1. Taking the range 26-45 as the search range and keeping residues that are modelled with pLDDT of 90 or more and in contact with an Asp or Glu (Cβ under 9 Å, 6 or more places away or on another chain), which one is surrounded by the most Cβ atoms within 10 Å (Cβ to Cβ)?
2. Residues in the range 20-63 that are among the hydrophobic types (A, V, I, L, M, F, W, C) and touching a strand residue (DSSP E or B) at 6+ places or on another chain (Cβ under 8 Å): how many?
3. Which residues, taken from the range 35-63, are farther than 14 Å from Arg15 by Cβ and among the basic types (Lys, Arg)?
4. Among the residues of the range 1-25, which ones are hydrophobic (A, V, I, L, M, F, W, C) and either at pLDDT below 90 or surrounded by 10 or more Cβ atoms within 10 Å (Cβ to Cβ) (or both)?
Amino acid sequence: MHDSLQKYSNFLRTRICGIASLDNKILLINHKGIVENESFWSFPGGGLAYGEDTKDALRREFK
């Protein structure tokens with residue numbers, strides 16, 4: 001198991017994400033460095049802070 005996967009394997013984190021589209025195009029984010037020599041694509045977003053409203057979190061992530 002990769003060190004980063006082992007480090008976070010016992011944690012639960014809620015992630016908020018949204019779809020941004022313009023002129024029939026969708027924005028995707030390429031995440032790198034989470035696992036060594038690997039990347040993955042996802043919709044823009046990020047972690048939800050404890051007690052944070054989902055709409056507020058999404059606004060924060062899209063800034």
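1. Gly45
2. 11
3. Those that are farther than 14 Å from Arg15 by Cβ and among the basic types (Lys, Arg): Lys55, Arg59, Lys63.
4. Met1, Leu5, Phe11, Leu12, Ile16, Cys17, Ile19, Ala20
The values are calculated or read from the model by the stated rules, or taken from the named source; none is laboratory data. These numbers were taken from a predicted model, which means no experiment stands behind them. So basically every Cβ, Gly included, is an ideal-geometry build from the backbone, and we count neighbours across all protein chains shown.
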